[in-house]
Amino acid sequence: MPRRALLALAVVPLLACPDKKQAPAEPPHAAAPVDPKALRQETLTVLVTGAENGYLLPLSEEGTVRGGAAEVLGRWVAAEGHCAGPLAPNGDAPCPGAGTLVVSTGDNGNGQAISSFFRGEPTAEVMRQMGYAASALGNRELDWSRDQFVANRTRAGFPYLAANLSATDDDGKALGLGRFRVLTRRGVTVAIIGLAARKATVTPMPGRMKGLEAVDDATALAEVLPEVKKVNPQVIGVVSDGCLNDAPALLEGHADWGITFFAGRRCDGPFPDSVGATRLVYPGSRWSTYAKVSLTVTLSSTPVQVTSAVSSVEVLGGEGAPAPHPEVKVIVDGWKKKLDEALGGVIGFTKTGLAQESREMTTWLTSSLKERFQTDVALLNRKGVRQALPPGPVTKASVYDLVPFDNQVVVARLPGDALLAALENTEARVAGVKRKGDGWVDAKGAPLDPKKVYTVATTDYLYLGGDGFALSKADPAPTETKVSWQLALIEWTAGRKSDEKRPLESLVGAP
């Protein structure tokens, strides 16, 4: 017999035979009425996405269909009880008694061609219909222009939050960034604080973050939390475009902050499930997954008790998947039609596809610029390519999927010493030169001459100092071609007339 059962049997006789000296038991009384509010307990679900990158359309990889904005919203409505539709100006959901809240860690609109070609407007429109309440400021939000960011923020209907960016002048204030947002669901007050990534002020095109000064994350949280707590939130969440492996050092020793969950990016290092009582949340990317923070809030206890659980949900299509949300599907289909009209037509063919960081990909991108502008060298950056080129027909839209950034090509005249310095940047991807031993040689195999001047085709982003390149210092008056990186690549690819017999990969073998 189990030990627990033996103990139970031993207790029963004692209860049945009270001490004779004990006073007789009081007659039973009717239970006092219970105030329902005194035992009030509410359940909420916070749905978290991140690095959506404008992937409004589902992706098909090796026969598996993932993601899609309409598909995600269809799942939220069917499986999470989400109330779809634009929020009220104060952040209230369109349905009374709604128990879900949707937030993002940032980088919403720049990536897939259906969004990036239209400068993020389609994603802003879709996120409004999906019911997003707030987003951290991602490092790609200002990829187009400051005015476009403000327009997209207005179109989306939710604030971008960055408590760790301080506006130092009117230029900074004009972006309209918030530090936190307070929302109410089922009588529970939820405060969402936003943090930009540490690289937020240097990753966008130089000048886009004018008037903003970065503040240390710990300092920012210590400063904003007293203001947040003035509204007595029962739940405090942080959405960050930063790395989750940095979160433990930030949160340890700060149980007094009372942060319920901290959502961010998965970067190079590992991270725990929680730090003290704070849950760490990774939402995935490209709407192929989302995170679900399930909260139970006991309002009757003093202080209020909050229990939480975090789970990750993969959004898969196919049989048994919830139907795409009809209203969002109409929006996406409308923008897809516009995209096909603007960028339809086949410009080439690849039998195997090109891997994102392959030498073939590098050769294709850089050689097209070098040949198009007849320069000695073409210089691009590794992170400028956002995905692989899939097998099959290559279209103009394929190019915008790969290279979503609004960059123009410039031709700079660089002394050899400045070019050599640029080539040592780990982000550099080049054509026209190659490394030999400990140095660099030109196309003819001659070592680069520090005193010779070389013509270099690159993007205005790198010329102006993006990713640590300092080309403008070496040539303050470059040739501005007024040609976009995408157009140069499209023209080169179309001119090569690749097909099944002569696929693109055979024309761009590794240098």
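Structure notes:
- 23 Å Cα-Cα threshold exceeded, pairs from Lys351/Lys396; Lys351/Lys482; Lys383/Lys452; Lys444/Lys482; Lys370/Lys444: Lys351/Lys482; Lys383/Lys452; Lys444/Lys482
- Orientation-averaged projected area, Cα convex hull of segment 74-165 (nm²): 6.3 nm²
- Segments 212-221, 473-482 sorted - mean Cβ within 10 Å per residue, highest first: 212-221, 473-482
- Considering only the chain, percent of DSSP beta bridges that pair antiparallel, nearest 5: 70 percent
- Helix 217-229 axis, angle to the chain major axis (alpha carbon atoms, nearest 10°): 40 degrees
- Extents of segment 410-485, largest first, come to 35, 23, 21 Å (Cα atoms, principal axes, whole angstrom).
- Size check on segment 154-213: the Cα extents along the three principal axes, sorted descending, read 44, 24, 19 Å.
- With distances taken between every two different alpha-carbon atoms, the chain has a Kirkwood hydrodynamic radius of 25.7 Å.
- Relative contact order of segment 158-216: 45 percent, from C-alpha pairs under 8 Å at least 6 residues apart in sequence.
- Each peptide among 438-445, 356-363, 287-294 gets the average number of other Cβ atoms lying within 10 Å of its residues, and from highest to lowest they stand as 287-294, 356-363, 438-445.
- Heavy-atom accessible surface of the chain: percent carbon and sulfur, 1.4 Å: 53 percent
- Relative packing of peptides 393-401, 69-77, 369-377 - highest average C-beta neighbours within 10 Å first: 69-77, 393-401, 369-377
- By the helix-only formula, in which each DSSP H run with n ≥ 4 contributes -39500 (n - 2.57) and the sum is divided by residues, the chain has a 222 nm mean residue ellipticity of -8000 deg cm²/dmol.
- Its alpha carbons considered, segment 284-347 gives a radius of gyration followed by a Dmax of 20.0, 66 Å.
- With Cα atoms, 0 to 90° folded angle of helix 69-80 axis to the chain main axis: 10 degrees
- Nearest-ten-degree value, helix 485-496 long axis tilted from longest Cα axis of the chain: 60 degrees
- Average Cα contact separation per residue, segment 361-482, under 8 Å, 6 or more apart, as relative contact order %: 37 percent
- At q = 0.18, 0.32 Å⁻¹, base-10 log of I(q)/I(0) for segment 264-315 (Debye sum, equal scatterers on each alpha carbon): -0.69, -1.24
- Taking only the C-alpha atoms of segment 130-183, the Rg (one decimal) and the largest Cα-Cα distance, Dmax (whole number), read 10.9, 34 Å.
- Counting all C-alpha pairs of segment 336-472, share separated by more than 21 Å (%): 44 percent
- Normalised contact order of the chain, rounded percent, pairs of Cα under 8 Å and 6 or more residues apart: 15 percent
- Ranking Thr455, Ala494, Ala418 by how far each Cα lies toward the positive end of the dipole of segment 381-511 (charges on Cβ) leaves Ala494 at the top.
- Under the Debye formula (equal points on every Cα, no solvent term), log10 I(q)/I(0) of segment 52-205 at q = 0.15 Å⁻¹: -0.81
The values are calculated or read from the model by the stated rules, or taken from the named source; none is laboratory data. This one's a predicted model, so the numbers in the text were calculated from it and none came from an experiment. A quick note on method: Cβ atoms are made from the backbone with ideal geometry, for glycine too, and the neighbour counts reach across all protein chains shown. Areas reflect the complete protein model, heavy atoms only, side chains present, ligands, DNA and RNA absent. Shrake-Rupley method; radii C 1.70, N 1.55, O 1.52, S 1.80 Å.
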